[in-house]
Amino acid sequence: MSFDLATRLAERRAAHLYRQRPLLDSPQGPEVQVDGQRLLAFCSNDYLGLANHPEVIRAMQQGAEQWGVGGGASHLVIGHSTPHHALEEALAEFTGRPRALLFSTGYMANLAAVTALVGQGDTVLEDRLNHASLLDAGLLSGARFSRYLHNDAESLGKRLDKAEGNTLVVTDGVFSMDGDLADLPALCAAARRKGAWLMVDDAHGFGPLGATGGGIVEHFGLGIDDVPVLVGTLGKAFGTAGAFVAGSEELIETLVQFARPYIYTTSQPPAVACATLKSLELLRRESWRRDHLNQLIARFRQGAAEIGLTLVDSPTPIQPILIGDSQRALRLTALLKQRGLLVGAIRPPTVPAGTARLRVTLSAAHTAAQLETLLDALAECWALLGQEDSGRA
Ligand code: PMP
């Protein structure tokens, strides 16, 4: 017996699902150098254009000078430093919750929160389109795990009726591959009726959504009683790295005491926390970034509809173009790349079978002119793809 990895890889290639890692040879930004080619990129999650902001860079440099480059140990040993603590306090204040707890990645934050809250004899109910880290967390928890229909409070309600033990309802705030918003008021009402807790991972909502960038809970005007467990990530609109869970004193202390992905890992470098403190300040101060981003979103949706592209009902910077077939999605990205544009093709298993798409993401760093370049190229490539299809038919 041996591991037949070659066959496994060949099968993935044959199914047009083989993934490549583009090699980035420039900082994040609208214009990047990838695999030796200069490209206009519409695939980063740097929604507010803070990943390469001079003030954030300076904050990280100063942080490294003052605190060194490594976290050194886990938070509970000697890795919890003043910048981590200050960032947690700033994030608690930003989210309007008593406390926030910092993690090195969103994946870890999600594993930590779910596994610390539910286990054997409990129930975890998740939207079927939740991010992989949430689904993995549900499985790892050992609780009864069930997925309800996408954004469907009725489907959730049926599962809540059968739930046992402590019950956690878990949803993305903004769905990462579709860009649509979770119907939090309805999900929250369903959870409350059954005494379940709602956990929202708002990785893509913090920054773009809400009057002050406070994400989906601010967008819907919800409080801590509605969403007791709130997760945000820092590698997207904040432009840095890491994540946080915000909630009550008891929730955060429970994570500190029981969450293995918190306890058994090295803290993020304190200089990263210094950078995030600055990006949080910019996110709040420079509201023009959100306004400009919203203008780009509106223009993209109008332009794409004129071309005849199929979009999702998304008010966020995530604007997928639904294609269906993985091979056609790849062909469209290849045509765009020939014209100097980088857009990611998202295929199964990241999205359900038959729903391959181009995931266009917009950023406040894009100019209106760059967006027009994208729309012009999409019109041309979409027409070409249609001609190729009819040529084959
Ligand atoms: N949650 C969601 C909804 C995400 O989209 C992502 C990352 N794509 C994560 C969590 C994981 O965050 P991180 O990249 O910080 O691990």
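FYI, it's all coordinate maths here, none of it is from the lab. Predicted, not measured: the structure shown is a model, and the values here were computed from it. Neighbour counts are summed over all protein chains in view; Cβ atoms, including those assigned to glycine, are modelled from backbone coordinates with ideal geometry.
For the stretch 260-310, state the semi-axes of the equivalent ellipsoid (square roots of 5 times the eigenvalues of the alpha-carbon gyration tensor), sorted largest first and rounded to whole angstrom.
Each semi-axis is √(5λ); the values are 37, 19, 7 Å.
What angle do you read, to the nearest 10 degrees and between 0 and 90, between the alpha-carbon axis of helix 5-14 and the longest principal axis of the chain?
It works out to around 50 degrees.
Would you mind checking which residues have amide H under 5 Å from Gly344's amide H? H placed 1.01 Å from N; only 5 or more apart, or other chain.
Residues meeting the amide H criterion: Arg359.
Report, ordered by chain and residue number, the lysines lying within cross-link reach of Lys162, taken as a straight Cα distance under 16 Å and ignoring same-chain residues fewer than 8 apart.
Straight-line reach from Lys162, under 16 Å: Lys194.
With both partners inside the chain, how many of the DSSP beta bridges are antiparallel, as a percent to the nearest 5?
Details: 26 of 45 bridges.
In the chain, approximately 60 percent of DSSP beta bridges are antiparallel ones.
What's the local net charge at Ala137, with K and R +1, D and E -1, over the other residues with C-beta under 12 Å away?
Here the count lands on -2.
Which one of Gly63, Val169, Gly142 has its Cα pushed farthest toward the positive end of the charge dipole of the stretch 23-171, where Lys and Arg give +1 and Asp and Glu give -1 at the Cβ?
It is Gly142.
Would you work out which of Val227, Ile323, Ile263 lies farthest towards the positive end of the dipole of the stretch 199-335? Charges go on Cβ: Lys and Arg +1, Asp and Glu -1.
The one lying farthest along the dipole's positive direction is Ile323.
Which of these, Gly247, Gly68, Gly29, has the largest mean-square fluctuation under a Gaussian network model of the chain (Cα springs below 10 Å)?
Comparing Gly247, Gly68, Gly29 in the GNM, the peak value goes to Gly68.
Highest mean first, how do 158-164, 239-245 rank when packing is the count of other Cβ atoms within 10 Å averaged over residues?
The most tightly packed comes first, giving 239-245, 158-164.
Show me the ranking of peptides 148-154, 6-12 by mean Cβ neighbours inside 10 Å, starting with the highest.
The peptides rank, most packed first, as 148-154, 6-12.
Show that you can apply the helix-only estimate: for the chain, add -39,500 (n - 2.57) for every DSSP H stretch of four or more residues, divide by all residues, and state [θ] at 222 nm to the nearest 500.
When only DSSP H runs of four or more count, the value is -14000 deg cm²/dmol.
Taking only Cα atoms and a 10 Å spring cutoff, compute GNM fluctuations for the chain and point out the largest among Gln120, Gln319, Gln370.
Highest fluctuation among the options: Gln120.
In square nanometres and to one decimal, what's the mean projected area of the convex hull around the Cα atoms of the chain?
21.5 nm²
Write down the Å³ per residue value for the convex hull defined by the alpha carbon atoms of the stretch 54-285.
On the way: hull volume 23.8 nm³, N = 232.
Enclosed volume per residue, from the Cα hull, is 103 Å³.
Over the stretch 1-138, how many percent of alpha carbon pairs lie in each 5 Å bin up to the one with the longest distance?
2, 7, 9, 11, 15, 16, 15, 12, 8, 5, 1, 0
How large is ³J(HN,Hα) for each residue in the stretch 85-90, as worked out from phi by the Karplus curve 6.51 cos²θ - 1.76 cosθ + 1.60 (θ = phi - 60°), to whole Hz, x for Gly and Pro?
Running phi through 6.51 cos²θ - 1.76 cosθ + 1.60 with θ = phi - 60° gives 5, 5, 5, 4, 5, 5 Hz.
Which lysines have a Cα lying under 24 Å from the Cα of Lys236, excluding residues fewer than 8 positions away in the same chain?
Within the straight-line cut-off, Lys236 pairs with Lys278, Lys337.
With the cut-off at 24 Å, report for the stretch 289-393 the share of all Cα pairs above it, as a whole percent.
Roughly 20 percent, rounded to a whole number.
Using only Cα atoms and rounding to the nearest 10 degrees, what angle (0 to 90) does helix 368-392 make with the longest principal axis of the chain?
60 degrees
To the nearest 10 degrees, how steeply does helix 288-307 sit against the main Cα axis of the chain, on a 0 to 90 scale?
Computed tilt is about 40 degrees.
Give me the orientation-averaged projected area of the Cα convex hull of the stretch 101-222, in nm², one decimal.
The Cα convex hull of the stretch 101-222, projected and averaged over all directions, gives 6.9 nm².
Over all alpha-carbon pairs of the stretch 328-367, lay out the pair-distance distribution in 10 Å bins, whole %, shortest bin first.
In whole percents, the pair-distance histogram is 29, 47, 23, 2.
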